[in-house]
Amino acid sequence: MNVIKKGEETILSYVHKVGQIIIVSVLWLISCLPIITIGAASSAMYYTIVKVIRREYGYIHKEYLRAFKRNLKNGCIFTTIFLLWGWILYFNRMYMGQEGSSTGRYFKMIYDVLSCISLAIIVYLFPILSRFQLSKLELMKMSFHMAFRNLPITLLLVTGTIISIMAVWFFPIVMTLLIPGVWCYISSLLIEKVMKLYMVKPVDGEETWYDL
């Protein structure tokens, strides 16, 4: 009987977490509607998933809104910068691709590499924004440093992010409410390992929610 009860509790726990992840995904989608708020929304989603769902501290709506408001300005600035940069890469790549020459293929490869590097920085940037109080330049430098200092993890994060984007793109009705939160949860398992290397050690044995 005890084994059955434990099994039921485990199933209920998983169902509860999935429900929480869907709620966070919905909050993220609503917050992304103005487009330039994607960064702030992503930062808030990461913060909420790690703190509330993984560490079981606080309440989803309260923590999400708090993190969203706190990082709204910097999130919008970074989103605008990367959207403009992304459009530049995209149109230049399309233009060079029309040439059909070896030079055009060479430049297409360069733009693909630049896109991957940009994505590698982005996958760290908004989680870092949710945790650290740094200047914009320091946030960019830390993101760049994390991305290239932890290449195996970065490759997994970039690959997973691309697969997640493709899943939502090709199956929007099924995946939109699930993939953002699920991938954020999975990626946090990797990102937290990296972030802990940059966190200040707790003083006198004190622990914060992200040290657990």
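Of the residues 101, 42, only one is in contact with a Phe, Trp or Tyr (Cβ under 6 Å, 6 or more places away or on another chain), of a type in the set (Gly, Ala, Ser) and open to solvent by less than 90 Å² (accessible area, probe 1.4 Å); which?
Result of the check over 101, 42: 42.
Yes/no per residue for (1) farther than 22 Å from residue 32 by Cβ; (2) of a type in the set (Asp, Glu); (3) in contact (Cβ under 8 Å) with a residue 60 or more places away in the chain:
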| residue | (1), (2), (3) |
| --- | --- |
| 50 | no, no, yes |
| 53 | no, no, yes |
| 77 | no, no, no |
| 80 | no, no, no |
| 83 | no, no, no |
| 105 | yes, no, no |
| 110 | yes, no, no |
| 115 | no, no, no |
| 122 | no, no, no |
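What about residue 60, is it within 22 Å of residue 26 (Cα to Cα) and either in contact (Cβ under 8 Å) with a residue 60 or more places away in the chain or buried (at least 19 other Cβ atoms within 10 Å of the Cβ) (or both)?
No; evaluated as a whole, the condition is false for this residue.
Using the structure shown, decide if residue 84 is exposed (fewer than 11 other Cβ atoms within 10 Å of the Cβ) and either modelled with pLDDT of 95 or more or within 17 Å of the chain's Cα centre (by Cα) (or both).
The answer is yes for residue 84.
Take the conditions more than 22 Å from residue 189 (Cβ to Cβ) and either assigned to a loop (DSSP other than H, G, I, E, B) or not small (Gly, Ala, Ser) (or both) and apply them to residue 47. Does it pass?
No.
Just name the residue that is most open to solvent (accessible area, probe 1.4 Å) out of those in the stretch 2-30 that are at pLDDT below 75 and polar (S, T, N, Q).
Looking at the filtered set, the residue picked out is 2.
Provide a single number: the residues in the stretch 166-196 that are in a helix (DSSP H, G or I) and either polar (S, T, N, Q) or over 12 Å from the mean Cα position of the chain (by Cα) (or both).
15
Say we look at the stretch 162-176 and pick out the residues that are over 19 Å from residue 112 (Cα atoms) and aliphatic (A, V, I, L, M); which of these is modelled with the lowest pLDDT?
Selected residue: 174.
Collect the residues in the stretch 92-146 that are assigned to a helix (DSSP H, G or I), aliphatic (A, V, I, L, M) and more than 26 Å from residue 160 (Cα to Cα), keeping them in residue-number order.
96, 137, listed by residue number.
Across the stretch 177-212, what is the number of residues that are modelled with pLDDT under 85 and of a type in the set (S, T, N, Q)?
Result for the stretch 177-212: 1.
Among the numbered criteria (1) in contact with a Ser or Thr (Cβ under 7 Å, 6 or more places away or on another chain); (2) more than 22 Å from residue 24 (Cβ to Cβ); (3) open to solvent by less than 60 Å² (accessible area, probe 1.4 Å), which single criterion is violated by residue 71?
(2)
Among the numbered criteria (1) within 22 Å of residue 189 (Cα to Cα); (2) outside any loop (DSSP other than H, G, I, E, B), which one does residue 62 miss?
It fails just one condition, (1).
With 123, 50 as the choices, which residue is hydrophobic (A, V, I, L, M, F, W, C), surrounded by 14 or more Cβ atoms within 10 Å (Cβ to Cβ) and touching a Leu at 6+ places or on another chain (Cβ under 6 Å)?
The unique qualifying residue is 123.
The values are calculated or read from the model by the stated rules, or taken from the named source; none is laboratory data. Just so it is clear, the model here is predicted, and its values are computed rather than measured. When we count neighbours, we look across all protein chains shown, and the Cβ atoms used for this are built from the backbone with ideal geometry, even at glycine. Remember, those area values only see protein heavy atoms, side chains included, never the ligands or the DNA or RNA. Shrake-Rupley method; radii C 1.70, N 1.55, O 1.52, S 1.80 Å.
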